[in-house]
Amino acid sequence: MDAKLLQQNLLELIRRTSTDLPADVVQAIDKGWRREQKDSSGKYALEVVRDNIDMARRISQPICQDTGTIIVYADLPAWCDEPTFIKAFEKATVQATKKGYLRQNSVDSITGKNSGTNLGPGSPSFHVHPTRGKTMKVRMMLKGGGCENVSCQYSLPDTRLGAGRDLEGVYKCLMDATYQAQGKGCGPGILGVCVGGDRGTGYVAAKEALFRKLDDVNPDKTLAKLEKRVMTDGNSLGIGPMGFGGKTTLLGVKITHRNRVPACYFVSIAYMCWAFRRNGVTMSETGKITRWLY
Amino acid sequence: MLLEAPFTEKKIRALKVGDRVEITGLIYTGRDAAHKYLHDGGTPPVDLTDSIVYHCGPVVVKEKGKWVVKAAGPTTSIREEPYQGPLMEKFKIRGVIGKGGMGPKTLAYCKKVGAVYFHAIGGAAQVLAKCVVDVPGVHMAEEFGSPEAIWEFQVVRFPVVVTMDSHGRSLHDAVQAQSEKKLKALL
């Protein structure tokens, strides 16, 4: 394995993630734009969004100045061990920060000091798993602070919502979360959802669900139906792009589940902004990128 | 519609919720540190009379001796809710640009002082940076750090939507009330 080539490929992955939205996201935004009423503020917001996406790609600059939490998932085959991968990704992160693909975005929570490199405890946030296959798969996401602040977790039953421990209760949580977010999370948004798990694994799984493509269909028929229902009803709330009012409040709903202990029933919701920066690559042992995943 | 400096009370009072406005003139950035400083009695380093303050932590670099703005989207405004209204009144700030809207305290001061809230498009860092054609100066950069500093931005046709006006109306309140009604019907 060529460590230098690996680092170079990871830098390109970061650059593309920060500056170039994947096709499924652009399509969903275009669809929303077509749906919005002519001359409305919602349509106008999506016009600016579309211009911004084109411009960022063209000049290779960050789509949003908040380049977010760097979330990384890697499946590592035998030819690359974990410390080697993490070292390479960290080096690529420092380089990406120097080149301006990433803002200096990692702050020590106790001292308030910005590391200036995007490195520090928990930064980037790595999820690394060994794989028996021969191909390395790396997926990443940049999740900004605005949408992270409107992400939320419910513990069912919930008296305020009248939500019980069933899928109808889950539906109520998702609708409430969409309403509570209004335009504050830079909507139209995407809901990554996990039903069950503990508080920690629930949020992790909710974010992981965001790696699904926006136009896919959940293989679990019950969840597919729930996703469709929340999409339709969420968009009927009329919150619209940026909370300006309009038909496009959600661009996607992706639900997964984890087992829970009998005493707990959490619904964890990772709200993602329209600037849905995620991408991924597969790499062969020679270090070559074999495929872009989005 | 176009809004050009000077940002007088008369021009600002004429704006209504829902107006799409393109701002041209000199505006100042200010976020958490600047608002707290001014609220605590600090002297403003620039004359804020009839000014517009932009809630923004930009990425600015020096190229050939000149400041160039690389990314300049809005940050969440509600963090300044305790300070914004009193500062509008004290310094005659006529407008605030940000995202996510602000609360009842700021709305009340908008009416009292003759000021508005302009909503920029969150996340649109490149489109908005392109509207900043010159950076004549920067203040408090040493004390607050670059993103929190007070930057002077000369903007041309900077696109925003009025979501809180000086007549007591807030688009955020209206959208929230309407979506709440819809939500209640669904649940």
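The values are calculated or read from the model by the stated rules, or taken from the named source; none is laboratory data. Just so we're clear, the structure is a prediction, and the values are computed from it rather than from any experiment. So basically every Cβ, Gly included, is an ideal-geometry build from the backbone, and we count neighbours across all protein chains shown. Accessible surface is based on the protein model in full, side chains and every heavy atom, while ligands, DNA and RNA are left aside. Shrake-Rupley method; radii C 1.70, N 1.55, O 1.52, S 1.80 Å.
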With every protein chain left in place, what is the accessible area per residue of the range A:25-123 in square angstrom, probe 1.4 Å?
-> 50
Hey, can you rank B:98-104, B:117-123 by average C-beta count inside 10 Å, highest first?
-> B:117-123, B:98-104
Amide H neighbours of residue B:101 under 5 Å, counting only residues 5+ apart in sequence or on other chains, H built in-plane at 1.01 Å?
-> B:77
dims of chain B, Cα set, principal axes, largest to smallest, nearest Å -> 59, 34, 30
Degrees, to the nearest 10: A:82-98 long Cα axis against longest axis of chain A | 80
Using only the Cα atoms of the protein assembly as shown, build the gyration tensor, take square roots of its eigenvalues as a ≥ b ≥ c, and label the shape rounded, prolate or oblate: rounded if a/c is under 1.5, else prolate if a/b is larger than b/c, else oblate.
-> oblate
Per residue of B:4-13, other chain Cβ atoms within 10 Å number on average 0
Using only the Cα atoms of the range A:146-272, construct the convex hull and provide its projected area averaged over every direction, in square nanometres to one decimal.
-> 7.0
List the aspartates and glutamates whose alpha-carbon lies under 18 Å from that of residue A:91, not counting same-chain residues fewer than 8 positions away?
-> A:2, A:12, A:81, A:82
How many Cβ atoms of partner chains, on average, are near each residue of A:56-66 if near means within 10 Å of its Cβ?
-> 6
Calculate, for the range A:187-283, the solvent-accessible area per residue in square angstrom, rolling a 1.4 angstrom probe over the heavy atoms of the protein chains.
-> 34
Between residue A:258 and residue B:10, the FRET efficiency computed from the C-beta separation at R0 = 45 Å comes out, to the nearest 0.05, as 0.15
What are the ³J(HN,Hα) values, in whole Hz, obtained from phi via the Karplus relation 6.51 cos²θ - 1.76 cosθ + 1.60 with θ = phi - 60°, for each residue of the range A:69-78 in sequence order, with x given for Gly and Pro?
-> 6, 8, 10, 10, 10, 9, 9, 9, x, 4
Over all directions, what mean area does the Cα convex hull of the range A:145-213 project, stated in square nanometres?
-> 4.8
What distance in nm separates the simple spin-label points at residue B:66 and residue A:51, each placed 7 Å from Cα in the Cβ direction?
-> 2.1
Once both axes come from the Cα atoms, what is the angle between helix A:221-235 and the longest principal axis of chain A, in degrees from 0 to 90, rounded to 10?
-> 70
Gained length - residue A:35 relative to residue A:155, 0.36 nm times residue gap less alpha-carbon distance = 39.7 nm
In whole percent, what relative contact order does the range A:146-272 give with Cα contacts below 8 Å and a gap of six or more residues?
-> 41
Given a Förster distance of 51 angstrom, what is the FRET efficiency for residue B:89 paired with residue A:99, based on the Cβ-Cβ distance and rounded to 0.05?
-> 0.70
Chain B: angle of helix B:171-186 to the longest principal axis, Cα-based, in degrees nearest 10 = 40
